[in-house]
Amino acid sequence: MALVLLVSAGLFMSGDPREPGEVTVLARIVNIVDNTETKGAYLKVGGQEVTARILKGPYKGQSISTDNGLVGNLMLDRFVEVGDRAVFILNVEEGRIIDAELVDYDRQSWHLAVFILFAVLLILFARYTGVRAFASFIFTVSVIVRLLIPAILKGYDPLLLCVFMAILVASVTLLLVGGFSIRTTAAIISVTFSMVLTALLVVMGGKGIRLDGMTCEHSLILLFSGYPYLNLDRVFWGAVILGASGAMVDVAIAVSTAVEQVVKANPGLGMVRLIRSGFEVGRAALGTMVTTLLLAYAGSGLFLFLVFNARETHLARILNYNFVSAEIFRTLAGSIGMVMVAPISAVIAGVLYHRIHGIERLS
């Protein structure tokens, strides 16, 4: 666990790519000249002349001023008030602030508070297992942010990267939580095999639905941000694997643990009985995990479904929109991956426990 935390810390401490002369700071709004007017009862248009005081960093205490333009777009506009904390980008030359731009409200303080609450509750409830699970969480974040995303932007194959990183994260997670044991070995082998099969399925199905990577508005933004060489189809396919990998790990370790407990309760059982026990646990796990995956994706698209319903859009049109089709494909492919990992885990765990315990009984 200490090694995992050290690796995670090393990844996080590696430098961020920044534009030369740009500095991101946190500042508190101290004065506003409001030149806005209200349209449609709640939309603000016009602008604000904002003065703020920098709270942290080498420019702490300095005042900055900027114009905060509002165009009536709730997704883009940030109507601030005196006392608000906000993120600004500074244009700096030779250590002197030239100008500033208001980016958004300061939300990271709340992120940190909720994150600390999550960590405390996890460790209080799960004790040492919670500590190991927390280490796995940190490792996963660091791998995605510091390794996976930069590697994709550098032009490496997104699908292969996502499969490899998902297997890496799954292996580290299973080793942290389960230790070096037969059940962990069985779960790692099962997840690896299942992810490769799922990736093949995703490629075949992904070509059939012809999304061309256009699954959200960010796809085009990415292309026109200096990355025209990216294969957006393979980015999407990799995202499908990455999204399903967590649930596949849960099913694999649940089935492997069940076989382990059956062996402890009755060491004399044969391989077929062990595999059958794993199948039963796998069926029970799938009964809830598939619905969990569906609800996760449905929750992320709830606003979209509300819009469709409010506009009384025909079902055939809804199902064939690229972004809806992408979520359907993501849900089904992830569910198939979970369905495959359950029997594979049962077979591998049954075989390993039978062989190893059989050898022990004979010796």
Quick check on packing: order 289-302, 140-153 by the mean number of other C-beta atoms within 10 Å, highest mean leading. 140-153, 289-302
For the chain, count the residues as N, evaluate 2.2 N^0.38 Å, and divide the Cα radius of gyration by that value, please. 1.23
Filter the trypsin sites (Lys or Arg not before Pro) in segment 302-335 to those in DSSP coil with at most 11 other Cβ atoms within 10 Å of their Cβ, and list the result. Arg311
Provide the gained length on full extension for the span Leu43 to Thr24, in nm with one decimal, where the gain is 0.36 nm per separating residue minus the Cα-Cα distance. 4.0 nm
Is there a quick way to get the dipole size of the chain? I mean about its Cα centre, with the Cβ of Lys and Arg at +1 and of Asp and Glu at -1; what is the value in debye to the nearest 20? 1600
Based on DSSP loop calls and a cut-off of at most 16 other Cβ atoms within 10 Å, the longest stretch of the chain free of exposed GluC sites (Glu not before Pro) is what? 95-311
Gain in span if fully extended, Val272 to His218, counting 0.36 nm per residue against the direct Cα distance: 14.5 nm
Looking at segment 97-223 from every direction and averaging, what is the projected area of its Cα convex hull in nm²? 12.0
Spacing of the two label points (7 Å from each Cα toward its C-beta) at Leu294 and Gln62, in nm: 5.6
Using only the alpha-carbon atoms, how far is helix 232-265 inclined from the longest principal axis of the chain? Give it as 0 to 90 degrees, nearest 10. 40
Step through the residues of segment 183-196 one at a time and calculate ³J(HN,Hα) from phi using the Karplus curve (6.51 cos²θ - 1.76 cosθ + 1.60, θ = phi - 60°), rounding each to whole Hz and writing x for Gly and Pro. 5, 5, 4, 4, 5, 5, 4, 5, 5, 4, 4, 5, 5, 5
How far is helix 271-300 tilted off the main Cα axis of the chain, in degrees rounded to 10, range 0 to 90? 20
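Given charges of +1 on the Cβ of Lys and Arg and -1 on the Cβ of Asp and Glu, with all other atoms neutral, how large is the dipole of segment 21-105 about its Cα centre, in debye to the nearest 20?
Roughly 340 debye, rounded to the nearest 20.
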So, with points 7 Å from each Cα along the Cβ direction, the Ala126-Leu76 label distance in nm works out to 4.2
Mind checking the full-extension length gain between Ile98 and Leu117? Use 0.36 nm per residue of separation minus the Cα-Cα distance, one decimal, nm. 2.9 nm
Separation between the Arg317 and Lys207 pseudo-spin-labels, each 7 Å from Cα along Cα→Cβ, expressed in nm? 3.3
To two decimal places, what compactness ratio does segment 291-345 give when its Cα radius of gyration is scaled by 2.2 N^0.38 Å? 1.34
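Read-outs throughout are calculated quantities, based only on the coordinates presented, and are distinct from any laboratory measurement. Predicted, not measured: the structure shown is a model, and the values here were computed from it. Note that each Cβ is placed from the backbone with ideal geometry, even for glycine, and that neighbours are counted across all protein chains shown.
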